[in-house]
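These notes are about the structure you will find just below.
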Amino acid sequence: MPELPEVETVRRGLTPVLEGTIIAKAEAFRPDLRFPLPIDLGEKLKDRHIINVDRRAKYLLIRLSGGLILLSHLGMSGRFRVYKDAPPPLEKHDHVELVTDTGVTVRYNDPRRFGFMDLFHEDEAPTHKLLADIGPEPLSNAFDGQALANALGDRRSAIKVAILDQHVVAGVGNIYASEALYRAGISPRRMAKTVKGVRAERLAMAIRDVLSEAIEAGGSSLRDHRQTSGELGYFQHRFAVYGRGGEKCPGCDCEKTVQQFVQGGRSTFYCAKRQR
């Protein structure tokens, strides 16, 4: 599932072609994705000014005139594709299309249909069931070692499981949790409540750094992620441990290999010597 860097990459691809434009045409080619699409979605979007394209955690938020917000989650296989010239014929899994007054076409394609969209007024955002109580954005000034330690509190769960909780920190998923813990030298098995002080500072910095680097690389394309241009992301070529179970640890001279085990129903990768 796309994590923060992949969603941010999509946001950055949509921003220059959508912000400041008017939706001249909008159409949904099916009534639902993972959940039913808003009723009369095309009619409600038509003629709206696009104020900006924002992101909160793993959600895209397209802010429209009249105080409306179009929320989109990419699910497992969702992607937006931008066509600045005449678009090609619709593909099988193209489910939603926006056409701007500048002639740009944006299509949402989702073969597995695990993604979803919602349309609501901005006044509802603070209490929206998907947005309420999300933790701090890891790339914001609100996120540092102290903020992370406070969010972890007295949790007795493993630290990796804890930072996957969107109430602790927004947008971190399985890939970047493993990578950040490796950089911070913290075992994914360590009890969350013990990550305080310097240890919390190291982890907060590692989360920030790995997410920033992944964004600059266009995200990670393991299966379905594509940038809005159709290009792959490239950060998967820089993974230190994720997906490298059984390989030599790249960061130390131990004779051990990268360990892999299941944690919280997901694969975890780490170096038993480097991470404590």
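The values are calculated or read from the model by the stated rules, or taken from the named source; none is laboratory data. As the structure is a prediction and not an experimental result, all values here were calculated from the model. Positions of Cβ are generated from backbone atoms using ideal geometry, with glycine treated the same way; all protein chains shown enter the neighbour counts.
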Among the residues of segment 96-121, the number that are within 21 Å of the chain's Cα centre (by Cα) and either of a type in the set (V, I, T) or outside any strand (DSSP E or B) (or both) is 8
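Of the residues H128, H121, only one is of a type outside the set (S, T, N, Q), closer than 30 Å to P38 by Cα and in contact with an Asp or Glu (Cβ under 9 Å, 6 or more places away or on another chain); which? Spell out the reasoning first.
Details: H121 fails: in contact with an Asp or Glu (Cβ under 9 Å, 6 or more places away or on another chain).
Within the list H128, H121, the selection yields H128.
How many residues, within segment 142-166, are part of a loop (DSSP other than H, G, I, E, B) and either under 21 Å from S220 (Cβ atoms) or at pLDDT 95 or above (or both)? Spell out how you get there, then give the answer.
Step one: of segment 142-166, the residues part of a loop (DSSP other than H, G, I, E, B) are 142-144, 153-157, 164-166.
Applying the additional criterion that residues be either under 21 Å from S220 (Cβ atoms) or at pLDDT 95 or above (or both) yields 143-144, 153-157, 164-166.
Residues in segment 142-166 being part of a loop (DSSP other than H, G, I, E, B) and either under 21 Å from S220 (Cβ atoms) or at pLDDT 95 or above (or both): 10 in total.
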Residues of segment 162-202 being among the hydrophobic types (A, V, I, L, M, F, W, C) and under 23 Å from R55 (Cα atoms), in sequence order, are A162, I163, L164, V168, V169, A170, V172, I175, A177, A180
Scanning segment 245-276 for residues that are in contact (Cβ under 8 Å) with a residue 40 or more places away in the chain, touching a Ser or Thr at 6+ places or on another chain (Cβ under 7 Å) and either exposed (fewer than 13 other Cβ atoms within 10 Å of the Cβ) or in a strand (DSSP E or B) (or both) gives T268, F269, Y270, R276
Within segment 105-155, the residues that are closer than 30 Å to R226 by Cβ, of a type in the set (S, T, N, Q) and not assigned by TED's automatic domain parsing to the domain that holds K46 are S140
Reported set for segment 6-31 where residues are in contact (Cβ under 8 Å) with a residue 40 or more places away in the chain and in contact with a His (Cβ under 9 Å, 6 or more places away or on another chain) is E6, V7, T9, V10, T21, I22, I23, A28, F29, R30
- Message: Can you find a residue that is within 19 Å of the chain's Cα centre (by Cα) and either part of a loop (DSSP other than H, G, I, E, B) or β-branched (V, I, T) (or both) anywhere in segment 61-73?
- Response: yes
For the structure I just gave you, tell me whether S220 is surrounded by 14 or more Cβ atoms within 10 Å (Cβ to Cβ) and not assigned by TED's automatic domain parsing to the domain that holds H73.
yes
Taking segment 122-134 and keeping only residues that are touching a residue at least 12 places away in the same chain (Cβ under 8 Å), of a type in the set (D, E, K, R) and in a loop (DSSP other than H, G, I, E, B), one is left with D133
Over segment 2-35, the set of residues charged (D, E, K, R) and either crowded, with 22+ Cβ neighbours inside 10 Å or outside any strand (DSSP E or B) (or both) is E3, E6, E8, R11, R12, E19, R30, R34
| query | Among the residues of segment 173-192, is any assigned to a loop (DSSP other than H, G, I, E, B) and in contact with a Phe, Trp or Tyr (Cβ under 7 Å, 6 or more places away or on another chain)? | reply | yes
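Taking A170 as the residue in question, decide whether it is buried (at least 24 other Cβ atoms within 10 Å of the Cβ) and either at pLDDT 95 or above or of a type in the set (G, A, S) (or both).
Values: buried (at least 24 other Cβ atoms within 10 Å of the Cβ): no; either at pLDDT 95 or above or of a type in the set (G, A, S) (or both): yes.
It is false that A170 is buried (at least 24 other Cβ atoms within 10 Å of the Cβ) and either at pLDDT 95 or above or of a type in the set (G, A, S) (or both).
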